[in-house]
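**Q** One structure coming up, written as structure tokens, with questions to follow.
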Amino acid sequence: VQLQASGGGLVQPGGSLRLSCEASGGTFNTYGWFRQSPEKEREFVAAVRSNDGHTLHADSVKGRFAISRDRAKNTVYLRMNSLKPEDTAVYFCAATPRRWTISAMSSSGNYDYWGQGTQVTVSS
């Protein structure tokens, strides 16, 4: 199993980025994005259920970030708009074969596989 995350970089406040996570080597029904900065513990960002497309977003990113998936490509995206300096972190994608309830998708312990992380830096 491999989760390959990409798309991070340096962006100015108010800018946009799109992260991608390509999954291979298995069948996954729930995907998530989490982030971690030196000052904080790993926190939930967004998740999507592959079969029905139901999504969940953290309150801190609601209205600015959007998770989506392309089932044919086994790829999940995180579109990030109106980025703020506090969004600076390493972003990790995660996946599991289990089809979690929407409320359970925010728990990092419910994911079996993790990507290597991609750095997002929001700074002027």
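**Q** Quick check, is D70 out of contact with any His (no Cβ under 9 Å at 6 or more places or on another chain), of a type outside the set (G, A, S), closer than 20 Å to V1 by Cα and without any contact (Cβ under 8 Å) to a residue 60 or more places away in the chain? If you could, list the steps in order and put the result at the bottom.
**A** Working: out of contact with any His (no Cβ under 9 Å at 6 or more places or on another chain): yes; of a type outside the set (G, A, S): yes; closer than 20 Å to V1 by Cα: yes; without any contact (Cβ under 8 Å) to a residue 60 or more places away in the chain: yes.
Answer is yes for this residue.
**Q** Here is a list of conditions, (1) open to solvent by 20 Å² or more (accessible area, probe 1.4 Å); (2) under 18 Å from V1 (Cβ atoms); (3) within 14 Å of the chain's Cα centre (by Cα), and K62 meets all of them except one; can you say which number that is?
**A** Here K62 clears every test but (2).
**Q** Looking only at the stretch 24-33, count every residue that is outside any loop (DSSP other than H, G, I, E, B) and buried (at least 23 other Cβ atoms within 10 Å of the Cβ) and tell me the total. Talk me through it step by step, then tell me what you get.
**A** Taking the stretch 24-33 and keeping what is outside any loop (DSSP other than H, G, I, E, B), we get 24, 30-33.
From the residues that got through so far, the ones that are buried (at least 23 other Cβ atoms within 10 Å of the Cβ) too are 30-33.
The qualifying residues number 4.
**Q** Restricting to the stretch 86-124, and then to whatever is aliphatic (A, V, I, L, M) and farther than 17 Å from G15 by Cβ, can you tell me which residue is most open to solvent (accessible area, probe 1.4 Å)?
**A** I102
**Q** Go through L19, L83 for me and flag whichever is at pLDDT 95 or above, out of contact with any helix residue (DSSP H, G or I) (no Cβ under 6 Å at 6 or more places or on another chain), surrounded by 15 or more Cβ atoms within 10 Å (Cβ to Cβ) and in a loop (DSSP other than H, G, I, E, B). Don't jump to the end; show me each part of the working.
**A** Working: L19 fails: in a loop (DSSP other than H, G, I, E, B).
Criteria check complete, one pass: L83.
**Q** Taking the stretch 34-52 on its own, how many of its residues are in contact with a strand residue (DSSP E or B) (Cβ under 7 Å, 6 or more places away or on another chain) and either in a loop (DSSP other than H, G, I, E, B) or surrounded by 16 or more Cβ atoms within 10 Å (Cβ to Cβ) (or both)?
**A** Summing the residues that are in contact with a strand residue (DSSP E or B) (Cβ under 7 Å, 6 or more places away or on another chain) and either in a loop (DSSP other than H, G, I, E, B) or surrounded by 16 or more Cβ atoms within 10 Å (Cβ to Cβ) (or both) in the stretch 34-52 gives 11.
The values are calculated or read from the model by the stated rules, or taken from the named source; none is laboratory data. These figures come from a predicted structure and were not determined experimentally. FYI the Cβ positions are ideal-geometry reconstructions off the backbone, even for glycines, and counts take in every protein chain you see. These accessible areas exclude ligands, DNA and RNA; they are computed on the full protein's heavy atoms, side chains included. Shrake-Rupley method; radii C 1.70, N 1.55, O 1.52, S 1.80 Å.
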